[in-house]
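Structure first, then comments.
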Amino acid sequence: MRVDVVTLFPDMIDAPLSESIVGRARNEGLLELGFSNPRDFAADRHGTVDDRPYGGGTGMVMMAEPVYRAIGKVKRKGTYVVLLTPKGVRFDQGLAVKLSAKKHLVLVCGHYEGIDERVSSSADLELSIGDYVLTGGEPAAVAVIDAVTRLLPGVLRKKDAAVNETFTDGLLEAPHYTRPGVWRGKKVPGVLLSGDHARIAAWRRRSAESLTGKRRPDLKKPPRAAGRKGF
Ligand code: SAM
């Protein structure tokens with residue numbers, strides 16, 4: 001898969017996505033990550049990309065033309081363009097799965113007060129990573145790329161590593177334990193030491209259902225991603 005990010009601050013994305021599993025996926029060519037900077041398309045020699053909002057108010061707004069041209073530089077036939085905004089549909093595992101099936105994503109990061117609204121018609125999807133406001137779209141792009149990359153074939157070493165995880169089955173995952181068997185007086189549940197795979201699977205299922213019922217009963221509802229534009 002290829003992902004291009006339209007951003008004024010590529011280092012905020014490149015550095016965290018150079019480490020660990022995603023860094024390895026990039027080194028192995030499973031994920032190609034590129035950047036397109038609206039500043040390269042500024043109309044003046046100062047590289048101005050923002051201006052004051054029409055109608056007054058605080059902060060600066062990213063101008064439409066440099067962002068539009070930065071998208072155009074990397075967009076090709078079949079590209080799926082995602083605008084990151086707190087006003088978008090909420091990102092979830094179902095959307096991560098659907099985005100991981102795309103061949104080429106372009107993620108557009110706003111900064112300051114956001115991007116001139118007229119650019120939104122260039123996007124296939126407006127996406128929020130949660131009900132809070134970040135200073136810019138870059139941490140959101142990192143979260144989306146990380147969640148999508150680990151779903152790409154070959155990225156996780158064990159074939160089924162992403163199969164039983166939290167959110168995949170409308171459930172939170174059962175708890176994990178590792179050695180030692182007793183840690184500061186707390187014991188690992190005995191069933192996990194039994195070697196009986198059927199009992200272990202049943203215990204994990206029960207634990208997952210009980211945890212989900214207590215913490216996230218809303219997960220039992222049908223996935224929200226169904227029927228969205230472009231999927
Ligand atoms: N003034 C905007 C509002 O109230 O909706 C917030 C702009 S925010 C300070 C600047 C940029 O950060 C946005 O254009 C967007 O790209 C990004 N951003 C902030 N929160 C986000 C979130 N929850 N999900 C995705 N992107 C977000």
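The values are calculated or read from the model by the stated rules, or taken from the named source; none is laboratory data. Quick caveat, the model's predicted, so the values are computed rather than measured. Cβ: placed from backbone, ideal geometry, glycine included. Neighbour counts: every protein chain shown. Accessible surface is based on the protein model in full, side chains and every heavy atom, while ligands, DNA and RNA are left aside. Shrake-Rupley method; radii C 1.70, N 1.55, O 1.52, S 1.80 Å.
Tabulated data
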| read-out | value |
| --- | --- |
| Subset tally (residues that are near the ligand (Cβ under 7 Å from one of its atoms) and in a loop (DSSP other than H, G, I, E, B)) for region 106-130 | 6 |
| Some residue of region 141-155 being within 28 Å of N27 (Cα to Cα), open to solvent by 60 Å² or more (accessible area, probe 1.4 Å) and either at pLDDT below 95 or away from the ligand (no atom under 16 Å from the Cβ) (or both) | yes |
| Matching residues, region 1-41, being open to solvent by 60 Å² or more (accessible area, probe 1.4 Å), assigned to a helix (DSSP H, G or I), touching a residue at least 24 places away in the same chain (Cβ under 8 Å) and under 18 Å from E138 (Cα atoms) | M12, P16, R39, D40 |
| Residue in region 112-121 that is open to solvent by 30 Å² or more (accessible area, probe 1.4 Å), over 11 Å from the mean Cα position of the chain (by Cα) and either more than 28 Å from G55 (Cα to Cα) or of a type in the set (A, V, I, L, M, F, W, C) (or both) present | yes |
| Cross-chain or 6+ apart pairs with Cβ under 7 Å, region 53-71 first and of a type in the set (K, R), then at pLDDT 95 or above | R69/F41 |
| Residues being part of a loop (DSSP other than H, G, I, E, B) and open to solvent by 100 Å² or more (accessible area, probe 1.4 Å) - total across region 170-190 | 5 |
| Only one of P53, P86 that is within 14 Å of the ligand (Cβ to nearest atom) and open to solvent by 70 Å² or more (accessible area, probe 1.4 Å) | P86 |
